[in-house]
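The structure under discussion appears below in the form of structure tokens.
The values are calculated or read from the model by the stated rules, or taken from the named source; none is laboratory data. Just so it is clear, the structure is predicted and the values come from calculations on it, not from any experiment. Positions of Cβ are generated from backbone atoms using ideal geometry, with glycine treated the same way; all protein chains shown enter the neighbour counts.
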Amino acid sequence: MASRDCCAGAIVIGGSTAGLIVAGVLARSGFSVVLIDKAFGAKPQWEHVHLLNSQSWEDLCDSIPGFEEELKAQGAACGSQVLLKPDGLCTEDTRPRPSRRCIDLALLRTLPDSVKQVSGRVSSLNLDPTGVQVTLYDERRYSAAFVLDASGRSRMSLNAVGQIQGCPVDLHQGPASGGYVSTVIKGVNLPQNQIALRGSYQGTGILLLKEDENCWRLTLQIDTVPTEMLATDSFQELLSELASPEISELFAGASVVGAPFLFGPVRAERVHWNEKKLEGVPWIILGDALLTTPPWLGWGVDQIVTHSKLLNQGLLNHASIDDIRSSIDRSARDTWLQATMKETLRSFTTA
């Protein structure tokens with residue numbers, strides 16, 4: 001296939017949550033953006049619920065015009081959340097509790113029209129006089145002043161960056177920890193205005209989110225996931241075991257109506273490169289591509305928001321790409337230390 005060249009201010013690799021947020025930040029800052037993803041649309045992790053802390057929620061709503069309205073239009077549940085605590089149940093604030101599907105679709109719908117969406121897989125990344133050139137496997141080429149890798153654990157730019165710095169990029173790894181198994185259930189006995197329940201019971205994290213008038217998405221955080229648990233009948237038994245005294249009435253008439261889906265366990269990982277060898281290279285990595293944290297922490301979307309804020313601040317202050325990359329890396333390093341410390345403490349308490 002003949003090559004085709006396209007010039008842009010920035011190239012973003014990865015069209016899921018991180019890439020969509022970053023592409024929007026760049027476009028609203030006046031950059032022409034090419035957003036590359038191997039396949040826009042449904043992702044395996046779409047059905048999992050993502051918790052947003054209050055600051056991240058405010059940042060997204062403030063920086064993305066129409067985001068809250070679009071999130072609700074995509075079906076994000078709205079209402080109060082029940083917290084399961086040792087001393088009983090209580091209610092929390094009324095922020096929407098969106099699934100990853102709702103977040104990504106809302107980000108797509110609010111993405112500025114100036115962002116050029118390209119479906120394809122990255123083959124190579126090369127420096128050129130204008131900045132950087134990304135080549136896809138079908139030989140299409142895109143040039144830009146800089147490139148951002150927001151491709152999650154695929155880390156689609158690392159091989160190319162390793163070639164530029166003359167050695168492979170390091171990937172620091174922690175123990176594989178924390179997975180989710182989720183399914184759809186019906187017959188949950190929660191008041192009509194309460195749309196979520198969050199808590200834990202005997203070491204198992206529980207997150208329940210209303211999907212429609214009759215069905216709920218139940219997500220359980222567990223460290224080991226036996227294969228036999230993915231059978232609907234076995235999951236029904238697990239559901240019965242989770243009916244603790246505090247929530248027995250909630251699940252008393254519940255039944256499983258969807259095939260259970262497994263995500264994880266996920267290994268904590270952090271990318272580390274040689275800053276001196278990459279000095280002047282117009283490349284930034286962020287989000288889960290830079291740092292993957294254990295799912296049970298629920299920090300995924302929050303760190304994407306933090307990294308996009310640092311990116312935007314750097315661009316507004318006319319900082320160099322090296323300085324922006326370093327500031328995002330410092331934030332990831334702090335998060336890595338917090339995550340590994342929490343993981344260590346958790347291993348002691350669950351031993």
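Some points to look at:
- Here Asp149, Asp170 are screened, and the one residue that is at pLDDT 90 or above, surrounded by 14 or more Cβ atoms within 10 Å (Cβ to Cβ), of a type in the set (Asp, Glu) and under 29 Å from Ser320 (Cβ atoms) is Asp149.
- Residue within the stretch 195-209 that is crowded, with 20+ Cβ neighbours inside 10 Å, assigned to a strand (DSSP E or B), within 22 Å of the chain's Cα centre (by Cα) and modelled with pLDDT of 80 or more present: no
- Filter pass, Gly314 being touching an Asp or Glu at 6+ places or on another chain (Cβ under 8 Å) and at pLDDT below 90: no
- Output for the stretch 95-132, where each listed residue is closer than 30 Å to Gln194 by Cβ and either more than 15 Å from the chain's Cα centre (by Cα) or of a type in the set (Val, Ile, Thr) (or both): Arg95, Pro96, Ile103, Arg109, Thr110
- Single residue of Val281, Val225, Val271 found to be surrounded by 15 or more Cβ atoms within 10 Å (Cβ to Cβ), at pLDDT 75 or above, among the β-branched types (Val, Ile, Thr) and assigned to a loop (DSSP other than H, G, I, E, B): Val281
- For the stretch 10-18, the count of residues that are more than 17 Å from Pro112 (Cβ to Cβ), at pLDDT 85 or above and in a strand (DSSP E or B) is nonzero.
- Of everything listed in (1) assigned to a loop (DSSP other than H, G, I, E, B); (2) in contact (Cβ under 8 Å) with a residue 60 or more places away in the chain, the single unmet condition for Ser308 is (1).
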